[in-house]
Every structure is written in C-alpha cells, then in structure tokens.
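Written out below as structure tokens is the structure these notes cover.
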Amino acid sequence: MPYALFSNEAKLSKAYPTEADVWQLARRSGLVVDVMSESGKIAPRPVLDNDYEIRPCHCETNEDPARNKADAEREARLEPELSETETRDEAA
C-alpha cells in the first residue's frame, strides 16, 4: 500500500512506496520537527509540523509510487547541499 503526506483530508504529496519514503521527503522539505518527551530523558523524536500526517493512500490514475520515489531521489541529488558551517551562518 502506498503512502502520502496529508493535511486534514487533502493529499499534499505524490504517493510513495513506503511510509519511510514520505518521512524522508517531509524531512527534506522542512516539515519535520524534533520534540522532547515530557520527562526530557529520552532523545527527541521527530514529528510532523502543522498537523501534517503520513498515511496510506490510493494512487492517482497512472501514478507509480516507485517512479515518484526515484524522481524525488534524483531531485535530492541535484539540489545543492549546504555545509554545516553555512547552515549555522544562515541561522545567526
């Protein structure tokens, strides 16, 4: 069963083969935040920002989740990556 990113009932992303694929897309898109547990003893856990959720979905006509994953991976390789120093400089 393919998975996609949703907000309320609206499907926001293409369908991907696994839930992990959609988490990876959401992380690259800046939609994942880390939250601390109430006790503060356990490491932060990732959650989706703004009430987004990842759930099973049906594919659109002629949609191929495997092709969507391959396209997303190709796009991620083509995007310039900021070094850790550049990221810290931008945050300051």
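Just so it is clear, none of the values below were taken in a lab; they were calculated from the coordinates. These numbers were taken from a predicted model, which means no experiment stands behind them. All Cβ positions, glycine included, derive from the backbone under ideal geometry; neighbour counts span all protein chains shown.
What order, most packed first, do the peptides 2-9, 57-64, 18-25 have when packing is the mean number of other Cβ atoms within 10 Å of each residue? Intermediate results must be reported in sequence, preceding the final value.
Details: 2-9: 16.6, 57-64: 11.8, 18-25: 18.6.
Ranking, from highest mean packing down: 18-25, 2-9, 57-64.
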At a Förster radius of 22 Å, what calculated FRET efficiency corresponds to the Cβ-Cβ distance of A76 and M1, to the nearest 0.05?
0.40
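For the stretch 3-71, report the % of Cα-Cα distances exceeding 21 Å. Walk me through the intermediate numbers first.
Working: 707 of 2346 pairs.
Within the stretch 3-71, distances greater than 21 Å cover 30 percent of Cα pairs.
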Just to verify a number: FRET efficiency for R67 and V47, C-beta to C-beta distance, R0 = 25 Å, to 0.05?
0.30
Residue-wise, which Karplus ³J(HN,Hα) couplings in Hz belong to the stretch 52-61, taking 6.51 cos²θ - 1.76 cosθ + 1.60, θ = phi - 60°, and x for glycine or proline?
6, 8, 10, 8, x, 8, 9, 6, 5, 4
Pop out the ³J(HN,Hα) list for the stretch 5-10 in order, Karplus 6.51 cos²θ - 1.76 cosθ + 1.60 with θ = phi - 60°, rounded to Hz; leave Gly and Pro as x.
8, 10, 10, 6, 9, 8
